[in-house]
1. Does the stretch B:233-240 contain at least one residue that is surrounded by 21 or more Cβ atoms within 10 Å (Cβ to Cβ) and assigned to a helix (DSSP H, G or I)?
2. State yes or no: is residue B:310 within 17 Å of residue B:79 (Cα to Cα), part of a helix (DSSP H, G or I) and without any contact (Cβ under 8 Å) to a residue 24 or more places away in the chain?
3. Since residue B:246 meets every condition but one in (1) at pLDDT below 95; (2) out of contact with any helix residue (DSSP H, G or I) (no Cβ under 9 Å at 6 or more places or on another chain), which condition does it not meet?
4. Hey, can you tell me all the residues within the stretch B:294-323 that are within 16 Å of the chain's Cα centre (by Cα) and more than 12 Å from residue B:263 (Cβ to Cβ)?
5. Please state which one of B:79, B:62, B:73, B:48 is within 14 Å of chain A (Cβ to nearest Cβ), touching a residue at least 60 places away in the same chain (Cβ under 8 Å) and in contact with a helix residue (DSSP H, G or I) (Cβ under 6 Å, 6 or more places away or on another chain).
6. Residue check, residue B:41 against (1) within 13 Å of chain A (Cβ to nearest Cβ); (2) out of contact with any strand residue (DSSP E or B) (no Cβ under 9 Å at 6 or more places or on another chain), all met but one. Which one?
7. Is it the case that residue A:61 is free of Cβ contacts under 8 Å to residues at least 60 places away in the same chain, touching a strand residue (DSSP E or B) at 6+ places or on another chain (Cβ under 6 Å), more than 14 Å from chain B (Cβ to nearest Cβ) and buried (at least 21 other Cβ atoms within 10 Å of the Cβ)?
8. Give, as residue ranges, the strands (runs of 3 or more DSSP E) completely inside the stretch B:148-230 that count at least 1 residues that are under 20 Å from residue B:88 (Cα atoms) and touching a residue at least 12 places away in the same chain (Cβ under 8 Å).
């Protein structure tokens, strides 16, 4: 009974202009458009494809957060996941939630659901941590195939082509395993209208981190959030000699 | 409390929001980038239509027992507005399917529905609504296309004009005169038929070159001794006029939604430009002449939206919505033209130029005051409905 867990994170939509809160404690999220993390979309697509190719039987979409994350789970269901799990986290716990807490939750769920694969996006576009997949694998003591741009199931093993700094690296790992999706792994499908309607009938189970024996205490404290410095205007020069003189004057050359 | 209750009433269900999101994403990512090219070439946007069909964005009214989704008018208007934002030429080609199908949906028997609506959900086929003639547009009573009963068939002769999807349709809804007596009342003289497009005797005219919505396929169609089996008559002889008009109560709200989508696009483009272009030392958006223009454009777009929403909601709740549908269509058509023209104005010289997106919107907008009942016909309907209500 081959089952895949896919993590989907609700983040501020990629097209939104981010603004820092006046108290510098974080960014403004109230009333701001949110959607599924793009790398999570790619993860969902890969899982659904594996199911369509009959390598796996069931895809379970998981999200951690307050009630609003159920919208994100619904989108995953509309893309083809079979059922969802909403791990309720809200308030201060939600604000402090980071890769370690999520990894603990996924590790617990992977064991509970007897998953053969956990597929996550390589990172979220809000915190850019790129840690959750790796931590989940470590907590489970499972092999990991991160930055995947191609995934092939071969019996009890998975062949993963990884995007690395020098190019592409191909590895073969045993299942159960954790994979993280990179940009070029696939092009996520639209949720078609009929599938959006069908998704309403699919089940989303609710649970709390405590139900999984996970403590949500964060070891990280955010001290301050600032915008990047505003880009200063440049200086126009008339001739190449002027340019050289200016570069010498400010110590660049 | 009633305040809490009011706050909890949502304008849209979560599912409707998802539909709108899907249509919006599709429109922005797949229609917007290619709209200008289709406008220039006039080529029928079949690849986009096929994609929209695959995503379930078309044929939303087809009942579930024919393989459709049986969605209400509100849901389909939500989708239509988003598609129109991308390109009203594409959206009109798609909307013509709804118009052609509506007589069958409201008046077809099980056999007709399964045969002609069922096939639309099995492959991406187009259909068309064939009522208008070269000599009769607003004056439907003046139709001359003749259908004569001969045994188990009707033989049709005549000409239709300005038929959207005319050259691409798999079948047509056809309105023809079955009673030759000129004294016969309009309510009994016409019959509605479903006609297979490959019937012998149908001559499809050339693709007309129009001012706007240029990728939409509009043609004259000639019927020369075309034989239609009696099984393809909707309801019965003489019932045609009522069916043809009845379809409009359900298709005018989406047309209004389409015009609203175009107006929203014009407003967005103009606003973006106003926040970039500078004159006399500041952004043109900071000059009141421009900001007031944009404010009025925004007023019109929001009210047009509320117009289609009301008319769609009325019919979805089982009420006769003729008054609201006419108001929605008339208003949205008028403001789409105003807003598109104002958008060109905000762009200044650039707006007149084909490298910028707004001149296309102005050309595309005009037809909204003409098809699906002219602006003048809508006013006739509204005044008649208005007096009817007043006298009650």
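The values are calculated or read from the model by the stated rules, or taken from the named source; none is laboratory data. It should be emphasised that the depicted structure is a prediction, and the values quoted were computed from it without experimental measurement. In this analysis, Cβ positions are derived from the backbone assuming ideal geometry, glycine residues included, and neighbour counts consider all displayed protein chains.
1. yes
2. Here the answer is yes, as residue B:310 does meet what is asked.
3. (2)
4. Step one: of the stretch B:294-323, the residues within 16 Å of the chain's Cα centre (by Cα) are B:304-305, B:307-309, B:311-312, B:322.
B:309, B:311, B:312, B:322 - these are the residues of the stretch B:294-323 that are within 16 Å of the chain's Cα centre (by Cα) and more than 12 Å from residue B:263 (Cβ to Cβ).
5. Numbers: B:62 fails: touching a residue at least 60 places away in the same chain (Cβ under 8 Å); B:73 fails: within 14 Å of chain A (Cβ to nearest Cβ); B:48 fails: touching a residue at least 60 places away in the same chain (Cβ under 8 Å).
Exactly one of B:79, B:62, B:73, B:48 is within 14 Å of chain A (Cβ to nearest Cβ), touching a residue at least 60 places away in the same chain (Cβ under 8 Å) and in contact with a helix residue (DSSP H, G or I) (Cβ under 6 Å, 6 or more places away or on another chain), namely B:79.
6. Every condition holds for residue B:41 apart from (1).
7. Numbers: free of Cβ contacts under 8 Å to residues at least 60 places away in the same chain: yes; touching a strand residue (DSSP E or B) at 6+ places or on another chain (Cβ under 6 Å): yes; more than 14 Å from chain B (Cβ to nearest Cβ): yes; buried (at least 21 other Cβ atoms within 10 Å of the Cβ): yes.
So residue A:61 passes the test.
8. So the answer is B:153-164, B:169-177, B:202-207, B:218-229.
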